[in-house]
Each structure stands twice: as C-alpha cells, then as structure tokens.
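Participant: Handing you a structure now.
The values are calculated or read from the model by the stated rules, or taken from the named source; none is laboratory data. Keep in mind that this is a model prediction, so the values were computed, not measured. A quick note on method: Cβ atoms are made from the backbone with ideal geometry, for glycine too, and the neighbour counts reach across all protein chains shown. Ligands, DNA and RNA are stripped out before the accessible areas are found, and what is left, the full protein with its side chains, is counted by its heavy atoms. Shrake-Rupley method; radii C 1.70, N 1.55, O 1.52, S 1.80 Å.
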Amino acid sequence: MTPIYIIEETRLRRNLQLIADVARQADAEIILAFKAFALWKTFPIFREYIGSTTASSLSEARLAVEEFGAPAHTFSPAYTDDEFDEIVSCSSHLTFNSLSQYERFHQRAQGVSIGLRVNPEYSEVGTLLYNPCASGTRFGITADKLPEQLPADVEGFHCHCHCESGADVLERTLVHIEGKFSKWFPQLKWLNLGGGHLMTRKDYDVAHLINIIKGLHQRYPWLKIILEPGSAFAWQTGPLVSHVVDVVEDKGITTAILDVSFTCHMPDCLEMPYHPDVRGAETLDGDVPAAGTQYVYRLGGNSCLSGDFMGYWRFDHELRVGEEVIFEDMIHYTTVKTCMFNGITHPAIGMLHSDGKLEVLRRFGYEDYRSRMD
C-alpha cells in the first residue's frame, strides 16, 4: 500500500499533440519548462512532439543535454561564476536577467544566442507569490533601463508574466510588451513569451492563441516566437494516490490523516493556495461545515507540521483506514517540488501506459532520505 504519482500516457500524448499542432499552425517553437515537469523517463515520448526544453539551473541544463538530448534555452535570475561555463556548454540560448549580469558574463557566452529578460510592468497574475511583474520584482529589465542601441551580441528578448493564463491575457499583455519594447524588435532575432500559457485547459481558446501569434508574425516577420509553458504539458495527466491511515476528531472537525503530506508532496496547494479535486468527493470551499454534516472530512498530511492539512471535502460514505484518497491533476509543479521533510515516505512515480499496464518508474526509501544529508 504505497502512495504513488501516476502519469497517464494517453493524457500526456493528447496534450503533446495539441501543443505540437499549435506550434505548427502558429509557426512558433513551444518548449518544455523543466521547472514544472522534469520526469526524464518520459522524455522519449516528448521527443516525438517537441525539440527543445528550457532550464533555469545547471542541473536542469545538464538534464536537457544528457536526458532530453538537446541543448536548453536557459534563463537564471543570477548565474554564478563557478557554474556559468558549464551552463553555456549545455545551452543553445541563454538569457540574462539584468544588464549587470550581461556585462559580467556575456563574453564567456560564446556559441549561444544571447537574450535579455525584460519586464513590461504588467501582469494579470493575482497571486503575489507567482507574479513576476509585481512592484520590487527581481525579474527583468524595464524599458527605461535599456540603451537605445542594444549590444551587438543580444539577439532576443525574454518576457514571462503569465501563470495558468488564457489567450485573452496574452493579447492584453502584448499591448504592454509591444508598447514598451517593440522599438528594439528590429535589432532582435527572437522573442520568448515565457510560460503560463495553459493551452491544454479545456476552456482555453486555442484558435485565438494561434491568431495572436500569427499577428505577431505579420507585424514582425523576422522574429522567431518562442513559448515555454510548463503546466500545459502535464496538465490533467495524472493523480496522486494516497491512503487513509487514521481518522481523528476535535471540536467537531473530523480529519482523515493520509500517508502523504501537503507540505512535502503537494506544496502548491499551500503556497498558491488552491483546493485540489479529490476523486469521488465534493470540494467544499469557504467556512467550516455545520456540525453534524455527514461524511465531511478535512484531509491531513502525515507530517509533524501543524498546518499540514486542507479542508473540506464531502464524501458519499464514511472514510475508513486503508482506503484510497485520490488527488487529481498532481503531476505538473508537484513532482518537481516535493521534499523529504520529516522523513515522510515519498510517493513512488509510475506511468500508466496506453495499453493499461502500470509501470513503476521509481520508488523512494530510506537511502534517498539519508543521501540528501550525505
């Protein structure tokens, strides 16, 4: 009875096919952002649909070359002297977050296409934790700081200001990007519009996205357009399967304690925060349900953190020790952010293949916990 993340091949391929179709119709390059999904044993499937990835660290850049098989489009808030040369060797594109970083390192970035991250000072991301254009941000260069003539080796701009956003948000954001930065576009070869384009969500207007990018091509036909979504690739591709290990009650609140942890295995639920869907249960938002409401549970993690819980869900039966509680859509921005705090048993990782067979790709044990401190 082991908790496990299960990525479903059929759903993954459906997302990849949609993304590949958008890239073809819009004449854009759409690449995988490792910060949202880095399960490298699935990369042979990805290579059937896309050709590149984006990295934000030396480890991610190495993963691009060694496991995906192609150099990365790399961006880091700040490169370090001891890692920079190896990052360059693993990259095809390299974006600097500031002019000071550019001045310090650009002469060592031989053989890659150099870009600058720009800040349009506009974002519709509501959660401050995820808003890269919030006041005082550490990301990107504002238009007033750029020279009229860009350095000769700068070939692109990178702009990221979305988070699980729709095409309409991109349309409104482009008004600000073009208004502030289009005068430099004739000096560039590419424009990277970052991630957060949730084109695989059911209500996303894919046709509108394609038309928006086509419009960019009409206005700036020399610019290569790049998108680097993370969530869109692994959106709704699989659950986290957990189990009830105890049921406790206090002050009228009944909590089912699980063999997983929100803080360890579902951190975005607490950070963003958001209330995940649970298979077979109704999500109850808002206040504590009235006392005596039947089959309503707060779900708690199995760590010693007092706040390792969320609530509430209404089930159609009494939860019992040993039964499954399945959290939907737990692959993107989850498998990459887990930790081993408190030594809680880490969920295994599995793939449900298109033929219905479940392959366990990785199990975790004591040695994994111990080696982190070795």
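Participant: Would you be able to tell me the number of residues in region 108-124 that are over 16 Å from P77 (Cα atoms), crowded, with 19+ Cβ neighbours inside 10 Å and under 20 Å from the mean Cα position of the chain (by Cα)?
Facilitator: Here the count works out to 1.
Participant: Conditions: (1) under 21 Å from G350 (Cα atoms); (2) over 16 Å from the mean Cα position of the chain (by Cα); (3) open to solvent by 40 Å² or more (accessible area, probe 1.4 Å); (4) modelled with pLDDT of 95 or more. M1 meets all but one. Number of the miss?
Facilitator: The failed condition is (4).
Participant: Looking at this structure, is I344 touching a residue at least 12 places away in the same chain (Cβ under 8 Å) and within 23 Å of the chain's Cα centre (by Cα)? Walk me through it before giving the result.
Facilitator: Working: touching a residue at least 12 places away in the same chain (Cβ under 8 Å): yes; within 23 Å of the chain's Cα centre (by Cα): no.
So I344 fails the test.
Participant: Continuing with the same structure: I'm told R13 meets every condition in (1) farther than 30 Å from I344 by Cα; (2) in contact (Cβ under 8 Å) with a residue 24 or more places away in the chain; (3) not in a helix (DSSP H, G or I) except one. Can you identify the failing condition by its number?
Facilitator: (3)
Participant: Follow-up question, since we're still on this one. Name the single residue that is surrounded by the fewest Cβ atoms within 10 Å (Cβ to Cβ) among those in region 278-290 being over 18 Å from V241 (Cα atoms) and not acidic (D, E). Spell out the reasoning first.
Facilitator: First pass over region 278-290, keeping only residues over 18 Å from V241 (Cα atoms): 284-290.
Checking the rest, the ones that are also not acidic (D, E) come to 284, 286, 288-290.
Numbers: L284: 17, G286: 6, V288: 14, P289: 18, A290: 8.
In this case the residue turns out to be G286.
Participant: Restricting attention to region 209-242, and to residues there that are part of a helix (DSSP H, G or I) and hydrophobic (A, V, I, L, M, F, W, C), which single residue is surrounded by the fewest Cβ atoms within 10 Å (Cβ to Cβ)?
Facilitator: Of all residues in region 209-242, those part of a helix (DSSP H, G or I) come to 209-219, 231-234.
Still in the running and hydrophobic (A, V, I, L, M, F, W, C): 209-210, 212-213, 216, 232-234.
On the way: L209: 22, I210: 20, I212: 18, I213: 23, L216: 21, A232: 28, F233: 26, A234: 28.
Only one residue tops the list, namely I212.
Participant: Here's something else I'd like to know. State all residues of region 291-319 that are part of a loop (DSSP other than H, G, I, E, B) and open to solvent by 70 Å² or more (accessible area, probe 1.4 Å); if no residue qualifies, say none. Steps first, please.
Facilitator: Just the residues of region 291-319 that are part of a loop (DSSP other than H, G, I, E, B), to begin with: 291-295, 301-308, 315-319.
Within region 291-319, A291, G292, Q294, Y295, N302, C304, L305, S306, D316, E318 qualify.
Participant: Restricting to region 144-178, what's the tally of residues that are touching a strand residue (DSSP E or B) at 6+ places or on another chain (Cβ under 7 Å) and outside any loop (DSSP other than H, G, I, E, B)? So that I can check it myself, show each step before the final result.
Facilitator: Taking region 144-178 first, the residues touching a strand residue (DSSP E or B) at 6+ places or on another chain (Cβ under 7 Å) are 153-159, 162, 165, 170.
Cutting the leftovers down to outside any loop (DSSP other than H, G, I, E, B) gives us 154-158, 165, 170.
Residues that pass the stated criteria total 7.
Participant: Can you give me the number of residues within region 21-50 that are more than 18 Å from the chain's Cα centre (by Cα), surrounded by fewer than 19 Cβ atoms within 10 Å (Cβ to Cβ) and touching a residue at least 24 places away in the same chain (Cβ under 8 Å)?
Facilitator: Taking region 21-50 first, the residues more than 18 Å from the chain's Cα centre (by Cα) are 21-28, 44-45, 47-49.
So of that shortlist, the ones also surrounded by fewer than 19 Cβ atoms within 10 Å (Cβ to Cβ) come out as 21, 24-25, 27, 44-45, 47-48.
With touching a residue at least 24 places away in the same chain (Cβ under 8 Å) added as a condition, the list becomes 25, 27, 45, 48.
So the count comes out to 4.
Participant: What residue, of F181, F105, F139, is touching a residue at least 24 places away in the same chain (Cβ under 8 Å), part of a loop (DSSP other than H, G, I, E, B) and open to solvent by less than 70 Å² (accessible area, probe 1.4 Å)? Steps first, answer last, please.
Facilitator: On the way: F181 fails: part of a loop (DSSP other than H, G, I, E, B); F105 fails: part of a loop (DSSP other than H, G, I, E, B).
Matching residue, one of F181, F105, F139: F139.
Participant: Quick test for you: out of D250, D203, pick the one residue that is closer than 30 Å to T10 by Cβ and charged (D, E, K, R). Give the derivation first.
Facilitator: Working: D250 fails: closer than 30 Å to T10 by Cβ.
Within the list D250, D203, the selection yields D203.
Participant: Among the residues that make up region 115-122, is at least one of them among the aliphatic types (A, V, I, L, M), assigned to a helix (DSSP H, G or I) and over 23 Å from L270 (Cβ atoms)? Steps first, answer last, please.
Facilitator: Here is the first cut: in region 115-122, the residues among the aliphatic types (A, V, I, L, M) are 116, 118.
Those still in the list that are assigned to a helix (DSSP H, G or I) too: none.
No, that holds for no residue.
Participant: Another question, if that's okay. Any residue in region 336-346 that is part of a strand (DSSP E or B) and under 25 Å from H275 (Cβ atoms)?
Facilitator: Here is the first cut: in region 336-346, the residues part of a strand (DSSP E or B) are none.
No, region 336-346 contains no residue that is part of a strand (DSSP E or B) and under 25 Å from H275 (Cβ atoms).
Participant: Could you tell me whether E83 is part of a helix (DSSP H, G or I), open to solvent by 40 Å² or more (accessible area, probe 1.4 Å) and in contact with a helix residue (DSSP H, G or I) (Cβ under 6 Å, 6 or more places away or on another chain)?
Facilitator: When the stated conditions are applied, E83 passes them.
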